[in-house]
Each structure stands twice: as structure tokens, then as C-alpha cells.
1. Once you place label points 7 Å from the Cα toward the Cβ at Thr89 and Glu195, how far apart are they in nm?
2. In 5 Å bins starting at zero, report the fraction of Cα pairs in the chain per bin as a rounded %.
3. Using a simple spin-label model with points 7 Å from Cα along the Cα→Cβ vector, what separation in nm is obtained for Asp44 and Asp97?
4. Convert each backbone phi in the range 174-188 into a coupling constant with the Karplus relation 6.51 cos²θ - 1.76 cosθ + 1.60 (shift: θ = phi - 60°), then list the ³J(HN,Hα) values in order as whole Hz, x for Gly and Pro.
5. Relative to the longest principal axis of the C-alpha atoms of the chain, give the angle of the C-alpha long axis of helix 13-24, reported between 0 and 90° and rounded to the nearest 10°.
6. Among all stretches of the chain without exposed GluC sites (Glu not before Pro) (DSSP loop, at most 10 other Cβ atoms within 10 Å), which one is longest?
7. What number do you get for the range 120-184 when its Cα radius of gyration is normalised by 2.2 N^0.38 Å, N = residues?
8. Relative to the longest principal Cα axis of the chain, at what angle does helix 61-72 sit, 0 to 90 degrees, rounded to 10?
Amino acid sequence: MNLILLGAPGAGKGTQAEKICEKYKIPAVSTGNIIREALKNGTDMGLKAKSYIDAGTLVPDDVVIGIIKERLAEEDCQKGFILDGFPRTIPQAEALDNMGIVIDKVIDIEVEDDTIAKRLSGRRVCLNCGATYHLEYKKPEKDGICDICQNELVQRKDDKAETVLDRLNVYHEQTEPLKGYYEKKKKLVVVYGQEKVEDTTNLVFKALED
């Protein structure tokens with residue numbers, strides 16, 4: 001089963017990718033992770049990516065696609081995979097098609113922008129032990145202090161309201177058109193994100209089994 005997960009930042013794609021991995025025993029292929037892996041392993045494409053990263057510029061599509069192609073050729077992807085974070089644009093989706101990669105289903109996790117903004121802007125993290133809290137959904141015992149190691153909790157730059165809105169705008173402009181692209185191919189399935197993670201997971205599994 002070859003899958004793509006779509007959804008705005010903060011829609012919970014990463015968590016759902018993990019759940020799908022556990023149930024179906026297929027790897028999640030995250031763009032960020034495989035670029036880091038390619039850099040670490042010093043592959044040809046990894047070295048190309050490094051030159052752009054060192055220069056502080058975006059890694060171009062052809063290099064990202066080359067890294068994806070290398071990863072999908074590995075043995076653990078032969079029985080299926082989940083692409084999380086790729087494709088991000090229609091040209092990337094077209095490149096994936098041109099590689100001969102057949103996608104069985106595209107699961108789009110829909111969550112309202114207001115809900116995402118509330119989720120992300122309320123998140124607080126401990127830079128010491130990595131524990132995560134939320135001002136509304138998962139409060140620490142003491143305000144601003146980690147329950148585990150007693151260090152101060154901070155708001156990451158990515159979780160600040162203005163940054164979240166910028167990320168959502170980029171998603172709507174660049175990535176959301178993929179819904180129409182895959183709908184035309186009759187591969188798109190929309191799942192509406194629920195308040196409880198397990199309820200969303202149940203809907204995702206139902207979509208995969210239908």
C-alpha cells in the first residue's frame with residue numbers, strides 16, 4: 001500500500017503516520033528525515049542537498065525528488081510506504097508520477113485553521129528533556145515549569161501565532177491544490193480531524209480499508 005498523507009501543519013499528520021506504520025508495518029518517509037539521512041550517509045543527492053543547505057537556500061525540487069527516489073528504492077519500501085511532507089506542490093506530484101511511483105490512496109486530514117492555530121500557539125516545550133505541554137489540553141503542574149525535570153517551558157518560534165499563520169498561508173497556496181490533483185485521479189480520501197487523536201486514527205483506518 002503506497003500512501004500520501006496531506007494536511008496543514010498542525011493537523012496531526014505525523015501522529016497518524018506513526019499509527020499507520022504500526023498497523024500496516026510500512027515505513028513513513030518524511031522529507032525532513034530522509035534529507036538528514038542522505039546528508040549523514042553522504043549519498044550523491046545528500047551531498048547536492050548539503051551545498052544548498054550550507055548556502056542557506058531551499059533544496060530544489062530535482063534534488064529532493066532524487067533523494068525521495070533513492071529512499072523508495074530501499075528494501076523496506078517494497079511492500080508499501082507513507083509519504084509525509086512530499087509532495088508539497090503539483091510539480092512535485094507530477095515528478096512522482098513520472099518516476100513511475102504508483103500511489104494507491106491520498107489521505108487528506110482536514111482541520112480548521114482556527115483549531116490548528118489554537119493547538120500550536122498553546123504548545124510549550126522543555127528544551128532540556130523534550131517534554132511537550134499545552135496551555136489548555138496538557139497543563140504542567142506548575143505554570144511554565146516542566147513536570148519531569150523542573151526546567152522552564154518555552155514557546156518555539158514555529159508555534160508563535162504569526163509564524164503559524166504564515167505556515168498555514170504557504171500550505172493553502174502551495175500544497176492545498178494537490179487535493180484537486182489527486183481528486184481527479186480518484187485517489188483522494190478526506191478525513192476530518194477529531195478532538196481525540198484515537199478518533200481521527202479510527203477514521204483514517206476506515207478510509208484505508210474502504
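What follows is calculated from the coordinates using simple rules that are stated; it is not laboratory data. All figures in this text were calculated on a predicted structure; none of them were measured in a lab. All Cβ positions, glycine included, derive from the backbone under ideal geometry; neighbour counts span all protein chains shown.
1. 3.9 nm
2. Histogramming the chain at 5 Å steps yields 1, 7, 13, 16, 18, 17, 14, 9, 4, 1, 0 percent.
3. It is 2.7 nm.
4. 9, 9, 4, x, 5, 4, x, 4, 7, 5, 4, 8, 6, 10, 7
5. Around 60 degrees separate the two axes.
6. With GluC sites (Glu not before Pro) excluded where exposed in loops, the chain gives 1-135 as its longest stretch.
7. Dividing the Cα radius of gyration by 2.2 N^0.38 Å gives 1.51.
8. Compared with the principal axis, the helix lies near 90 degrees.
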